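Please treat every number below as a calculation from the coordinates, not as lab data. All values derive from a computational prediction rather than experimental measurement. Cβ sites come from the backbone with ideal geometry, for glycine too, and all protein chains shown count toward neighbours.
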Amino acid sequence: MQEEVVKSEKMRLVSDMAASVAHEIRNPLTAVRGFIHLLGSPGIQADKKEFYKNICFSELDRAEHIIADYLSLARTDPELMEAINVNVEVEYLSNILLTYANFNNVNLSVQLAKGDAPLTMGDRYKFRQALINIGKHAIEAMPNGGMLELATECRNDIATVTIRDTGSGMTGDQLKRLGTPYYSTKEKGTGLGMMISFSIIKKMNGKIDVRSEVGKGTRFTLAFPRHKPVTMG
Ligand code: ADP
């Protein structure tokens, strides 16, 4: 696939997310502004002062966290093969999608596999791009709000990631075209996002299963071979 095509699709994902990120950063900033105001009130007690100050710090940390997540999405690293913990990546996905989900009246639930870290091999930033693209579509399929469920599971040598929405769903024909170039139902769509996501997942030796029902929703199940680190001694 042409590097330029991959890059411009990534830029589109980044710019689509920008509005919700800006919105989400405005909230902590507004809170901080209010508390600084309160800190300036005459005769304020020391414990109250401390309390307001801590809220300011934690709100600023939240804004910084959102910005850091967003910037890491825009990174353009060369492809790497490294051990990836799918629990960590799905948690990251939930953090970055939370802003977009709130923006679209979508409730988000996350269920992570317990026990040993579910590791697989791949390029972390590309994997993020694939997950975010699938998650973003799931949210956009719920224009009147709904439920987005993110889950990971470990079964023997397989680590799975499930992304499930209660959105518009797809017909059999639409499902067949999903992941093929230039298939899009969006006004400003390029029809390349899913193709890129699928190719990233396949490069990681992942398997993709998509089930969908019109009016009910869609479930993506991504199954990856588990990587077992060699332990010494
Ligand atoms: P684009 O974002 O340019 O439309 P994609 O290849 O990323 O291109 O997506 C192709 C199409 O797949 C979308 O236009 C949308 O119709 C459909 N799609 C993807 N995910 C979902 C989903 N969870 N529910 C319903 N339709 C979906």
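For segment 158-168, take each phi angle, set θ = phi - 60°, evaluate the Karplus expression 6.51 cos²θ - 1.76 cosθ + 1.60, and give the result in whole Hz per residue in order, putting x for glycine and proline.
So the J values, rounded to whole Hz, are 10, 10, 10, 10, 10, 10, 10, 10, 10, x, 5.
Determine the calculated [θ] at 222 nm for the chain from helices alone, applying -39500 (n - 2.57) to every DSSP H run no shorter than 4 residues and normalising by the residue count; nearest 500 deg cm²/dmol. Intermediate results must be reported in sequence, preceding the final value.
On the way: 6 runs with 117 residues, N = 233.
Computed mean residue ellipticity for the chain: -17000 deg cm²/dmol.
Using 0.36 nm per residue, how much length does the chain from Ile55 to Val5 gain when fully extended, once their Cα-Cα distance is taken away?
Values: separation 50, 0.36 × 50 = 18.00 nm, distance 4.33 nm.
Full extension of this stretch gives 13.7 nm more.
Take the cross-link list Lys114/Lys136; Lys114/Lys188; Lys53/Lys114 and give me the ones stretching past 28 Å between alpha-carbons.
Working: Lys114/Lys136 26 Å; Lys114/Lys188 40 Å; Lys53/Lys114 36 Å.
Lys114/Lys188; Lys53/Lys114, as the Cα separations exceed 28 Å there.
Give the separation of the Cα centroids, segment 163-233 to segment 82-117, in Å.
Comparing the Cα centres of segment 163-233 and segment 82-117, I get a distance of 16 Å.
Please sort by residue number the GluC sites (Glu not before Pro) in segment 4-107 whose DSSP state is loop and whose Cβ has at most 12 other Cβ atoms within 10 Å. Working shown, then result.
On the way: sites: Glu4, Glu9, Glu24, Glu50, Glu59, Glu64, Glu79, Glu82, Glu89, Glu91; in loops: Glu79.
Sites meeting the loop and neighbour criteria: Glu79.
Output the relative contact order of segment 1-157, whole-number percent, from Cα pairs under 8 angstrom with separation of 6+ residues.
Numbers: 155 pairs, mean separation 39.7, N = 157.
Relative CO of segment 1-157 lands at 25 percent.
Would you kindly derive the ³J(HN,Hα) couplings of segment 54-59 from the backbone phi angles with the Karplus curve 6.51 cos²θ - 1.76 cosθ + 1.60 (θ = phi - 60°), listing them in order in whole Hz, with x for Gly and Pro?
Computed from phi, the couplings for segment 54-59 are 5, 5, 4, 4, 5, 5 Hz.
Whole-Hz ³J(HN,Hα) for each residue in segment 214-226, computed from phi via Karplus 6.51 cos²θ - 1.76 cosθ + 1.60 with θ = phi - 60°, x for glycine and proline: what do you get?
4, x, 10, x, 9, 10, 9, 10, 10, 10, 10, x, 7
Rounded, prolate or oblate: which fits the chain, taking a ≥ b ≥ c as square roots of the Cα gyration tensor eigenvalues, rounded meaning a/c under 1.5, else prolate when a/b beats b/c? It would help to have the intermediate numbers written out before the result.
Values: a/c = 1.99, a/b = 1.53, b/c = 1.30.
Judged from the Cα gyration tensor, the chain comes out prolate (a/c at least 1.5, a/b above b/c).
Would you please name the trypsin sites (Lys or Arg not before Pro) within segment 157-224 that are DSSP coil residues with at most 14 other C-beta atoms within 10 Å of their C-beta? Could the numbers behind the result be given before it?
On the way: sites: Arg164, Lys176, Arg177, Lys186, Lys188, Lys202, Lys203, Lys207, Arg211, Lys216, Arg219; in loops: Lys186, Lys188, Lys216.
Taking segment 157-224 and a limit of 14 other Cβ atoms within 10 Å, the loop trypsin sites (Lys or Arg not before Pro) found are Lys186, Lys188, Lys216.
Which residues' amide hydrogens lie under 5 Å from the amide hydrogen of Ile84, considering only partners 5 or more residues apart or on another chain, with H built in the peptide plane?
Placed amide hydrogens put Thr120, Met121, Gly122 under 5 Å from Ile84.
Can you find, among Leu222, Thr185, Met170, the residue farthest towards the positive end of the dipole of segment 144-233? Put +1 on the C-beta of Lys and Arg, -1 on that of Asp and Glu.
Result: Leu222, furthest along the dipole toward the positive end.
Quick one: putting +1 on the C-beta of Lys and Arg, -1 on the C-beta of Asp and Glu, what dipole do you get for segment 115-207 around its Cα centre, in Debye to the nearest 20? Walk me through the numbers on the way to the answer.
Working: 13 positive and 9 negative charges, 70 e Å.
For segment 115-207, the charge dipole is close to 340 debye.
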